[in-house]
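What follows is a set of notes on a single structure, which appears directly below.
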Amino acid sequence: MLIVTRNADQASRARQSLLCRMCEVEIHAAQDGSEARGWLSARRDDLTARECPDLIMLDLGSPASGALECLCALKQDEALRAVPVIVVAPLLPDDDVRAAYRAGAASCLPRGEEAEDLLAVIDALGDYWFGLVCLPHDGGWSPGRLGGTEDRR
């Protein structure tokens, strides 16, 4: 999983929260869309099914235009197009929600302004995405990919 948020403290707390609940998930953090694209580009040759993140959480709390540019770039990249991107932001105006979905967001989730609000959204997202959603893996589709012993990102 790749978490993109400008607040390094929130990213660290989100990582800890997810790791405490789901020890098998590999979590990377980037402070903005540019850093996220750089991190993914540096691994371009290794973006196989095992190296590519299963999920990208993109916080629009950093300038929305930069985050939407990042989302558009991710969805235009053949190697990353299939990676679901969850957009999280405080008080999303309808225009930003529409723009995020048009750009390829899998979901848009509202959050409050406080760090705990983001953690609550990440906890719910972790329960949903890594516990309930059926995702592909080498042996076929399975619910809750992190419920097994496979190495997951």
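The values are calculated or read from the model by the stated rules, or taken from the named source; none is laboratory data. Everything numeric in this text was worked out from a predicted model, so none of it was measured. Cβ atoms come from the backbone with ideal geometry, glycine included; neighbour counts cover every protein chain shown.
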- prompt: Restricting attention to the range 59-85, and to residues there that are of a type in the set (Gly, Ala, Ser) and closer than 13 Å to residue 37 by Cβ, which single residue is modelled with the highest pLDDT?
  reply: 73
Unmet criterion (only one of (1) modelled with pLDDT of 70 or more; (2) outside any helix (DSSP H, G or I)) for residue 150: (1)
- prompt: Which ones in the range 102-134 are within 14 Å of residue 15 (Cα to Cα) and among the β-branched types (Val, Ile, Thr)?
  reply: 121, 122
- prompt: Which of the residues spanning the range 1-43 are outside any helix (DSSP H, G or I) and either among the β-branched types (Val, Ile, Thr) or within 14 Å of residue 86 (Cβ to Cβ) (or both)?
  reply: 1, 2, 3, 4, 5, 25, 27
Pairs with Cβ under 7 Å, 6+ apart, first in the range 20-43 and closer than 14 Å to residue 130 by Cα, second at pLDDT 80 or above and surrounded by fewer than 18 Cβ atoms within 10 Å (Cβ to Cβ): none
task: Please find, within the range 23-47, the residue that is modelled with the lowest pLDDT out of those that are surrounded by 20 or more Cβ atoms within 10 Å (Cβ to Cβ) and touching a Gly at 6+ places or on another chain (Cβ under 9 Å).
output: 25
field: Failed condition for residue 88, given (1) under 19 Å from residue 16 (Cβ atoms); (2) in contact with a strand residue (DSSP E or B) (Cβ under 8 Å, 6 or more places away or on another chain); (3) surrounded by 16 or more Cβ atoms within 10 Å (Cβ to Cβ); (4) at pLDDT below 85
entry: (4)
- prompt: Mind checking whether some residue in the range 95-106 is part of a strand (DSSP E or B) and either within 16 Å of the chain's Cα centre (by Cα) or basic (Lys, Arg) (or both)?
  reply: no
